[in-house]
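Trainee: Dropping a structure here in structure tokens format, bear with me for questions.
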Amino acid sequence: MFDIAVDIFRALITGAIFFYLRAMRGKEPPRLRKAWIFFLIGFGLLFLGGLLNVADNFPSLSKYIIIGRTRYADFLEQIIGYIFGILFLGIGFWHWIPAIVALRAEEVVLRRSQEELKQQVAELTAERNKLKTIIECELSYAAKEAASQPEAG
């Protein structure tokens, strides 16, 4: 009884992950799309293997060729489901990890660029304030000069 509960729980977990990945398809970043497809296939195959493993616990299903305790069902469960599922997950990680490392490196470059831009904005703002002060001072002198000169008329 405990084995059936564990098999069902494992199938539910892999099924939930598979359906979540399937629902999120199309929302993944473009760089991770290739890895995402391999993850989706891998969890789908693991879910298939888990379902076939659950079916092994019910002898009444043995009359079906693919479900139950038959050589074909064992081949589908063990080779197609588990072995290929783990293989596809491994390929997914093989594509995913370099993409994540590249994204992290780009993030570091962008942060440095952002800091440089902030520093340039601060410098330009200080320069603008100096020029504004000079212009205001010149305008006030010009206004005083204009006011002090008699109007010709």
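The values are calculated or read from the model by the stated rules, or taken from the named source; none is laboratory data. Since we're looking at a predicted model, the values are computed, not measured. Cβ placement follows ideal geometry from the backbone for every residue including glycine, while neighbour counts extend to all protein chains displayed.
Trainee: Inspect the stretch 59-71 for any residue being buried (at least 17 other Cβ atoms within 10 Å of the Cβ), among the hydrophobic types (A, V, I, L, M, F, W, C) and not in a helix (DSSP H, G or I) and give the result as yes or no.
Mentor: For the stretch 59-71, residues buried (at least 17 other Cβ atoms within 10 Å of the Cβ), among the hydrophobic types (A, V, I, L, M, F, W, C) and not in a helix (DSSP H, G or I): present.
Trainee: With Glu115, Glu77 as the choices, which residue is part of a helix (DSSP H, G or I), acidic (Asp, Glu) and surrounded by fewer than 16 Cβ atoms within 10 Å (Cβ to Cβ)?
Mentor: From the options Glu115, Glu77, the qualifying one is Glu115.
Trainee: Can you confirm whether Leu52 is of a type outside the set (Ser, Thr, Tyr), in a helix (DSSP H, G or I), under 28 Å from Met1 (Cα atoms) and modelled with pLDDT under 80?
Mentor: Here the answer is no, as Leu52 does not meet what is asked.
Trainee: Then there is this: Mind checking which pairs have a first residue in the stretch 86-109 that is in a helix (DSSP H, G or I) and a second that is among the charged types (D, E, K, R), Cβ under 8 Å, 6 or more apart or different chains?
Mentor: Final answer for the pair search is His95/Lys34; Ala99/Arg31; Ala102/Arg31; Leu103/Arg31.
Trainee: Quick check on the stretch 6-25. Is at least one of its residues assigned to a loop (DSSP other than H, G, I, E, B) and either of a type outside the set (Asp, Glu) or touching a Cys at 6+ places or on another chain (Cβ under 7 Å) (or both)?
Mentor: Yes, the stretch 6-25 has at least one match.
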